[in-house]
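The block underneath contains the structure these notes are about, expressed in structure tokens.
The values are calculated or read from the model by the stated rules, or taken from the named source; none is laboratory data. Note that the structure is predicted; figures quoted are calculated from it, not measured. Neighbour counts are summed over all protein chains in view; Cβ atoms, including those assigned to glycine, are modelled from backbone coordinates with ideal geometry.
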Amino acid sequence: LGVFADAGVLGVAGAREPPVGAVGNETPAAHAEDVVDYVLRATLDPTTHIIHGDGTITWRNKSIAPAQELWIHLYLNAFKNQLSAFMREHIGGRGSSTPEEWGWIDVRRLALRRADSPDGAPVIDLWPRAELRREAPDGQVTADPVDASGIASDAGGHAADEDETDVRVPLPYAIAPGQEVVLEVAFDDKLPQVVERTGYHGSFHMVGQWFPKLARLEPNGRWAHFPFHHLSEFYADFGTYDVTLDVPAAFTVGATGALVESRVADGRRIERFVQHDVHDFAWTAWDRYRSAHENIDGVAVTLLYPPGYARLAGRELAALRFALPYFSSRYGRYPYDVLTVVHPPHDAAEAGGMEYPTLITTGGAWWALPGVLGPEIVTVHELGHQWFYGTIATNELAWPVLDEGLTEYAEVDAMAKWRGEASLFDIGGLELSDVAAEAVGGNMAVHDEPVAQPANAFSSGAAYGRLVYARTASLLETCARVYGDEAVARAVGTYARRYRFGHPNPEQLVGAFAEVMGPEVAATLRSALFDKGWVDYAVDEISTHKAERPAGVFDRDGKRETVGPGTGGDGRWESAVLVRRRGNLSFPVDVELTFGDGSTKRERWDAVEEWKRFEHSGPAELRAAVVDPDDRVIVDMNRANNFGRPDGGVAWAPRTLERATYWIQLAIQALSP
Ligand SMILES: [Zn+2]
């Protein structure tokens, strides 16, 4: 297949240097630590939607403690029945509907192969002793305890009684630190009708979370494992995936990794994909795909899309042409040779908008108006996950802020750099930026719950969206507008490069901010993420009057003089503005005074204190005062009180963000019940 000729043989990450001018001063790791390798073969029956899979998993105990058990995730079982943890969490949001056809995974065999096994048996089938279901103490779906390091622990309260997504597999003997074992696996998947992220529709198949997958053993020897919760995503170790897919010859396949073998035999298409330095593998097969190929910034990009979507595919490629090199320069070079972008068919739109290593799914209707940038935004967002999820493999149950929050920030920032104020829509002169919408959404929920909490601790899908996505993005955008885009790029870039192929927690993100931007900014970020921090700047009082001679009785030069009130002065005006910072976040702001002669004066307020009175004496009367005139603090809870006039009137025509906020509030009101 010529189109893959430049994809490299194995998609090995080269030791490329960061591009000149890249922000951040650290060179990211060239490779991940190889903890778990999967060699799998999968055969798809497109009419029954059953996949037969088998192969081996090679796992190394990289922790400090002997492993007495394994934890295996069978996340396809989230769609097996209504008693799965996923289906029981009725919190709205994506994937809330019951699948029209159930999906599940049956493990046929899970055998431990070890030549030097202590009990002399070279192969032991572990599956008969596996605990597929366990009684939860109170029969309820319980939250995962999270220890101080932010890692979901395995200390009780895990599995719902009927949930079959998180399986404990006792071992016949302990696997010592540093030891390597091979597991032989065989399994059958029945794909659901597309629910969320995964499944089939007609002959379209999007196959994610489809194989028995080891949870991650933390360095301290505790397994970080959890059921497939409704709002949570995933967490796993890095390794090499070598997967051979066997589908009908008429099907086009897209998958994680580089295509290294392709042949057609006996009416079947056999394609083998290999990728190092990744922690998951997803694939798609459909007999109606159209495809486009392009080399973007040294990466072989394949776009798979439905018939009739060529124009939209062109828009998505244009977004990638901007975002792929942009993200590489900002967060460290994309470390893989390939990227596959899947646009699912309209009836399987639920498979869209999802990230896997080197494979993302996007979405949007073929008729999407050119001025509505939804398809571009989804594409840029999912691409951003190649950093914040893909190469920085955080625990997505414990800290969704680190994958979804940072990705949302990466998205709004990239869209603004690419499309400016019109990065959400641009129709008939009405422009709205992606980030303006985020600010409104984030402010709506700020008092409700913290941003940095486990995914399954959120009350609703709406709160999760407003806080994890919108609040994080608008906070970081505020930091960029207040302290400079370069500083934020360096802070997030330092975090992204330092923890490439790692598993950091929020402390390490805050630490990077402290290092680059100082302890005050780090404290602000911590408060905003963990303590529901908020801020509202306001012009509280404003006055201006002609200066008069001070009245009273004065003893001067041996004489006593009485000056009555209202005695004219020298024609100067005395003006004063009282501004307040409400809430527990603090960003320095400008205060702009506008005078009757048309002149303006800007004062800088560090806003460490809760209020400040600005006094001014000059030849003209004060007409208006505004706090933060450039809309830098986009997380300001109420921008309507940022303006003041001595006569109480409205100051002046609101600026861009005000217009945007107004339109978004109208839209939200119109859409809300
Ligand atoms: Zn996302």
query: Would the stretch 441-448 turn up any residue that is in contact with a Pro (Cβ under 9 Å, 6 or more places away or on another chain), within 15 Å of the ligand (Cβ to nearest atom) and either of a type outside the set (S, T, N, Q) or within 30 Å of ASP337 (Cα to Cα) (or both)?
result: no
- prompt: Which condition number does ARG490 fail, the rest of (1) within 16 Å of MET637 (Cα to Cα); (2) assigned to a helix (DSSP H, G or I) being met?
  reply: (1)
- request: For the stretch 488-506, state whether one or more residues are under 16 Å from PHE587 (Cβ atoms) and either modelled with pLDDT of 95 or more or surrounded by fewer than 24 Cβ atoms within 10 Å (Cβ to Cβ) (or both).
  value: yes
- request: Considering only the stretch 509-522, state which residues are surrounded by fewer than 19 Cβ atoms within 10 Å (Cβ to Cβ) and out of contact with any Ser or Thr (no Cβ under 9 Å at 6 or more places or on another chain).
  value: GLY511, ALA514, GLY518, PRO519
task: Could you tell me whether the stretch 402-424 includes any residue that is more than 14 Å from the ligand (Cβ to nearest atom), farther than 30 Å from ALA32 by Cα, more than 13 Å from the chain's Cα centre (by Cα) and surrounded by 24 or more Cβ atoms within 10 Å (Cβ to Cβ)?
output: yes
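One residue is enough: does the stretch 356-368 have a residue meeting the conditions more than 15 Å from the ligand (Cβ to nearest atom) and modelled with pLDDT of 95 or more?
Step one: list which residues in the stretch 356-368 are more than 15 Å from the ligand (Cβ to nearest atom), which gives 358, 364-368.
When the remaining residues are screened for being modelled with pLDDT of 95 or more, the result is 358.
Yes, the stretch 356-368 has at least one match.
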- prompt: Is the stretch 434-453 home to any residue that is touching an Asp or Glu at 6+ places or on another chain (Cβ under 6 Å) and over 16 Å from MET637 (Cα atoms)?
  reply: no
Looking only at the stretch 54-93, and only at residues there that are among the small types (Gly, Ala, Ser) and either more than 30 Å from PRO177 (Cβ to Cβ) or surrounded by fewer than 17 Cβ atoms within 10 Å (Cβ to Cβ) (or both), the one that is modelled with the lowest pLDDT: GLY93
query: Out of TYR336, TYR331, which single residue is within 16 Å of the ligand (Cβ to nearest atom) and in contact with a Ser or Thr (Cβ under 9 Å, 6 or more places away or on another chain)?
result: TYR331
- line: Within the stretch 429-459, restricting to residues that are among the charged types (D, E, K, R) and assigned to a loop (DSSP other than H, G, I, E, B), the one that is nearest to PRO227 (Cα to Cα) is GLU449
query: What do you reckon, is THR594 more than 48 Å from the chain's Cα centre (by Cα) and among the polar types (S, T, N, Q)?
result: no
- prompt: Within the stretch 533-560, which residues are of a type in the set (D, E, K, R), over 26 Å from ASP590 (Cβ atoms) and out of contact with any Gly (no Cβ under 7 Å at 6 or more places or on another chain)?
  reply: ASP555, ARG556, ASP557, LYS559, ARG560
message: Suppose we filter the stretch 369-401 for residues that are within 13 Å of the ligand (Cβ to nearest atom), assigned to a helix (DSSP H, G or I) and in contact with an Asp or Glu (Cβ under 8 Å, 6 or more places away or on another chain); how many remain?
response: 11
query: Considering the stretch 493-505 alone, what residues qualify as being of a type in the set (D, E, K, R) and assigned to a helix (DSSP H, G or I)?
result: ARG497, ARG498
Residue in the stretch 456-487 that is nearest to the ligand (Cβ to nearest atom), counting only those that are among the aliphatic types (A, V, I, L, M), surrounded by fewer than 24 Cβ atoms within 10 Å (Cβ to Cβ) and more than 18 Å from ASP531 (Cβ to Cβ): ALA462
- prompt: In this structure, does GLU350 turn out to be within 15 Å of the ligand (Cβ to nearest atom) and under 19 Å from ALA470 (Cβ atoms)?
  reply: no
query: Which residues, taken from the stretch 309-336, are farther than 26 Å from PHE204 by Cα and part of a loop (DSSP other than H, G, I, E, B)?
result: GLY332, ARG333, TYR334, PRO335, TYR336
